[in-house]
Amino acid sequence: MKKSIIALGALALAAFAAAPAEARVRAGMLTCQVSPGVSFIVGSQKTLDCRFKSALGYSERYAGRMTRVGLDVGFTTGGTIVWAVYAPSRPGPGALAGGYAGASAEATVAGGLDANALFGGFQNSIALQPLSVGVQQGLDVAAGVSSVELDFVR
């Protein structure tokens, strides 16, 4: 388990270092509740209910889906993922809507951890960096490419 935590931390650091210099403005925090799910060896899909808290003080809601392709075996009871949101400038309302893709890793035995570093959104200019790893319950191991599609909820 200790090696998994180190690997997740390395993944998050590598993804942050790969972000373009202009994407270094901290725009806010995105916290997503992840639905329970069952994985099928080559992938999984879970729904998301997210709240974006802007650095400017406003809050908005997004609904979405997370799809993982790669090794993914097991089940989870759901959980929470928190991302720091970086953009070239402070985004306006609804700006996080769109598609994101990036690397992901997960290890769950009873309680577990996952990290997903994603890039996309408005003109592929927004980076979602794991501020803290996700926390969930279940039995699952996964590594691969994740995609997230976020829809702005008015």
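The values are calculated or read from the model by the stated rules, or taken from the named source; none is laboratory data. Quick caveat, the model's predicted, so the values are computed rather than measured. Note that we place each Cβ from the backbone using ideal geometry, even for glycine, and neighbour counts take in every protein chain shown. Ligands, DNA and RNA are excluded from the accessible area calculation, which covers all protein heavy atoms including side chains. Shrake-Rupley method; radii C 1.70, N 1.55, O 1.52, S 1.80 Å.
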At pLDDT below 75, more than 25 Å from residue 42 (Cα to Cα) and open to solvent by 30 Å² or more (accessible area, probe 1.4 Å): is that true of residue 122 in this structure? yes
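State the number of residues belonging to region 65-94 that are open to solvent by less than 50 Å² (accessible area, probe 1.4 Å) and touching a residue at least 40 places away in the same chain (Cβ under 8 Å).
The initial filter retains those residues of region 65-94 that are open to solvent by less than 50 Å² (accessible area, probe 1.4 Å), namely 66-68, 70, 72, 74, 76, 78-87, 91-92, 94.
Subsequent filtering for residues that are touching a residue at least 40 places away in the same chain (Cβ under 8 Å) retains 66-68, 70, 72, 74, 76, 78-87, 91, 94.
So the answer is 19.
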From the options 142, 115, 127, residue that is at pLDDT below 70, within 19 Å of residue 101 (Cβ to Cβ), open to solvent by less than 50 Å² (accessible area, probe 1.4 Å) and touching a helix residue (DSSP H, G or I) at 6+ places or on another chain (Cβ under 8 Å): 115
Over region 50-64, the set of residues modelled with pLDDT of 95 or more and open to solvent by 70 Å² or more (accessible area, probe 1.4 Å) is 51, 53, 61
